[in-house]
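Working notes for the structure below.
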Amino acid sequence: MMTVGKMIIFARPYARAAFEYALAKNQLLLWETMLTHAARVVEDQRVAQIIHRSRVASSQVAELINSILQSTLTTEQRNFIHLLAENKRLLALPDIAELFKTYRAQHEQQLTVEVNSAIELSKEYQDKLKKALTHRLKRQVTLQCTVDSNLLGGAIIRAGDNVIDGSIRGKLKRLLEFI
Amino acid sequence: MQSMQLSPTEISELIKERIEKFDVKAEMSTQGTILSLKDGVVRIQGLSQVVSGEMIKFEGNTYGLALNLERDYVGAVILGRAEHLAEGQIAKCTGRILEVPVGEGLLGRVVDALGNPIDGKGPIESHATAPVEKVAPGVIFRQPVSQPLQTGLKSIDSMVPIGRGQRELIIGDRQTGKTAVAIDTIINQRGTGVKCIYVAIGQKASSIAAVVRKLEEHGALAHTIIVAAPAAEAAALQYIAPYSGCTMGEYFRDKGEDALIIYDDLTKQAWAYRQISLLLRRPPGREAYPGDIFYLHSRLLERASRVNSAYVEKLTNGEVKGKTGSLTALPIIETQAGDVSAFVSTNVISITDGQIFLETDLFNSGIRPAINAGLSVSRVGGAAQTKLIKKLAGGIRIAQAQYRELAAFSQFLSDLDESTRKQLERGQRITEVMKQKQYHPLSVTEMAIILFAADQGYLDDVPLNKIAEFEQELLGYARVHHGRFIDELNRSGDYNDDIVKNLHALIQTFKANQTW
């Protein structure tokens, strides 16, 4: 499930542009890594302070970020950061990174499904679950399994917005509301 | 509250029964999280499969209505209290649109906008629910209005008659007797088989309680459903209360029965809808109302109609044949300082099939019901009157309107020509006749008797301030000595030479024997 930041409206066109470029150049993973790092840089308090200072020229801010990210950047990626700095949208980077990840997952038909179960699931069971979910959701499924004994039994399976609650705790709660 | 105490074994038996009925399956739902919660409006992130108008379930069995489907979030209004909700909580799609219970089990009860009982008389016995928002019957399924809906008020049944399936607006300033007209109409439906629904929107809870008590006193509660969304309720509930009431009324209409629904008042529903729309950040239009304020009322009032027997047969799966159904609506609008040209007022006037215009000046000068004959009209008119009343009341409205225009000349009574003076005197007498006490509805024949007396000049020698007394005595005499004639005429509503002769004889005998 994606968290929505305040800047999502501004982030969208940039994320779209970056994704289409990366897709055309077959550099999806490269761009995703770069955006994730850049997002983390921007979230740092000290960098955020500098961004907020209007006296600093946009090109200087861009250079600062690029230098932090160091030489792993391609020219186009450098330009991207410059563009963001010029338009004063550097703080949208976390949302851009999130959106990019979503687009990539959609493109590669990948889906991460969170499985929260009461007891640890055996490898065999996990594989069975993966196969069933892949068939049902028509996507490549990666399972993210966690254990929570508070569920008392059963499991909660979360795929994006859709949730299947088969836990004992959930059933008891519904029973209580029913009575 | 139950008067008998349940023993512990009985309680555990009840619980066991309930548990057995419980369907123990995994629950599949689309979920979202609450982003923000402000003034009864919730922003939810996620819920990618939500549809417009869907019911959303929050924590603690609270429901909301998804009204704004935006790109990044869903805007929903909460149907009820919001104190226990918080940011970050889970919101689930239910896949259902808003529904309320319908059926005979609701008669005699007071419910809230969602159909939950609030009169403390136990749960409602209802075996069916119906959606709150429904499409009105199409053109093919409708039938022209031809049956009268008797309000029991002389001024209305003679001058602006209402038919079953009509929409007649009651419009006026505050304290002009709008609710009184509505309540008298409900009381007069006792024994006629017409089911009544009174929807109270945005009123004081004490006023609603007073209405309930009055209806009970006059034996009218048994055929009435009261839907209450008082001023303390959430704006969303005040917004949907009229639709819930309409759904309950449509149940009777679709069964081939007649129903009457009163919306008291639609102005407050418009305010509630304006509040919700502004909080959902929808662009405000004229008088800050949202752009679809007309649609708010038009789709509500279009559902009040008369439907033909083919429609009834279709909806009851062939069980009820040859009967037409109807839902009559009496919406109430409150004006400020008599301004009928305000936005919402003009909207509703253009939607309804006529209006009853109540004026403060008339009310204060003792004319109650304070109906302005000139501005009031019923677009169904004579088609919804019994032959008896149509013959006797034809032309009264126009005559009264003309009389009021002439009334300024009444100061110069002695200086006028004969015909004008006669017109004024007749107008004054008719005005006196049209006055009526609250909670005293008249039957068709009783109305006919007094109208006949006025029309034939039997009142010309009665002083103006004694006319009310005269009427009371005349009707009392008629009920005692001519009871059978009254019942017979009530049933037939006919008008012929025999009946005219009987009426003449009745009044002449009365006048001869009494001290008039």
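Which of the three applies to segment B:1-97, rounded, prolate or oblate, going by the alpha-carbon gyration tensor with a ≥ b ≥ c and a/c under 1.5 meaning rounded? Prolate is the answer for segment B:1-97, as a/c is 1.5 or above and a/b outweighs b/c.
Report the calculated FRET efficiency for B:LEU406 and B:PHE343 (r = Cβ-Cβ distance, R0 = 41 Å), to the nearest 0.05.
Here the calculated transfer efficiency is 0.75.
Around B:LEU14, with a cut-off of 15 angstrom between Cβ atoms, what is the net charge of the other residues, counting Lys and Arg +1 and Asp and Glu -1? Result for the neighbourhood of B:LEU14: -1. Summary of the geometry: segment B:309-332 and segment B:9-33, compared by the centres of their Cα atoms, lie 38 Å apart. Taking other C-beta atoms within 10 Å as the exposure proxy, A:LYS25, B:LYS21 rank B:LYS21, A:LYS25 from fewest upward. With helices as the sole contributors, chain B gives -11500 deg cm²/dmol at 222 nm; each DSSP H run of n ≥ 4 counts as -39500 (n - 2.57), and the sum is divided by every residue.
If I fit a long axis through the Cα atoms of helix A:123-137 and take the longest principal axis of the Cα atoms of chain A, what angle between them do I get, 0 to 90°, rounded to 10? Computed tilt is about 70 degrees.
Computed over chain A with a Gaussian network model linking Cα atoms closer than 10 Å, the most mobile of A:LYS88, A:LYS101, A:LYS123 is A:LYS123.
Within straight-line reach of B:LYS435, meaning a Cα separation under 24 Å, sit the following lysines at least 8 residues removed in sequence or on another chain: B:LYS154, B:LYS178, B:LYS214, B:LYS387, B:LYS390, B:LYS391, B:LYS422, B:LYS466, B:LYS511. Within 10 Å of the Cβ of each residue in B:27-37, the mean number of Cβ atoms contributed by other protein chains is 4. On the beta carbon distance between B:LYS323 and A:ILE168, with R0 = 51 Å, the FRET formula returns roughly 0.45. Cross-link partners of B:LYS25 among lysines, defined as those whose alpha carbon lies under 19 angstrom from its own and excluding same-chain residues fewer than eight positions apart: A:LYS171, A:LYS173, B:LYS16, B:LYS57, B:LYS92. Between B:SER48 and B:PHE294, the distance separating the two model label sites (each 7 Å from Cα on the Cα→Cβ line) works out to 3.9 nm.
Taking a straight Cα-Cα cut-off under 13 Å and skipping sequence neighbours fewer than 8 places away in the same chain, the aspartates and glutamates within cross-link reach of B:LYS255 are B:GLU104, B:GLU313, B:GLU319. The overall shape of the protein assembly as shown is prolate: from the C-alpha gyration tensor, with semi-axes ordered a ≥ b ≥ c, the ratio a/c is 1.5 or greater and a/b exceeds b/c. Label-to-label distance, B:ILE11 versus B:LYS121, with points set 7 angstrom from Cα along the beta-carbon direction: 2.8 nm. Angle of helix A:93-107 to the longest C-alpha principal axis of chain A, folded into 0 to 90 degrees and rounded to 10: 50°. The C-alpha atoms of chain B define a longest principal axis, and helix B:467-481 lies at about 90 degrees to it.
Is the shape of segment B:239-381 best called rounded, prolate or oblate, per the rule: a/c under 1.5 gives rounded, else a/b larger than b/c gives prolate, else oblate, with a ≥ b ≥ c the square roots of the Cα gyration tensor eigenvalues? Since a/c reaches 1.5 but b/c is at least a/b, the shape of segment B:239-381 is classed as oblate. Springs between Cα atoms under 10 Å define the GNM used for chain A, and in it the highest mean-square fluctuation of A:GLU124, A:GLU43, A:GLU32 occurs at A:GLU124.
Compared with the alpha-carbon gap, the fully stretched path from B:GLU217 to B:GLU87 is longer by 42.0 nm at 0.36 nm per residue. The slack between B:ARG379 and B:LYS134, meaning 0.36 nm per residue of separation minus the straight C-alpha distance, is 85.6 nm. Highest mean first, the peptides A:80-86, B:83-89 sorted by other C-beta atoms within 10 Å per residue fall in the order A:80-86, B:83-89.
Laboratory data are not the source of any read-out in this text; all were calculated from the coordinates shown. A quick note: this is a predicted structure, and the numbers were derived from the prediction, not measured. Using ideal geometry, Cβ is built from the backbone for each residue, glycine included, and neighbour counts are taken over all protein chains shown.
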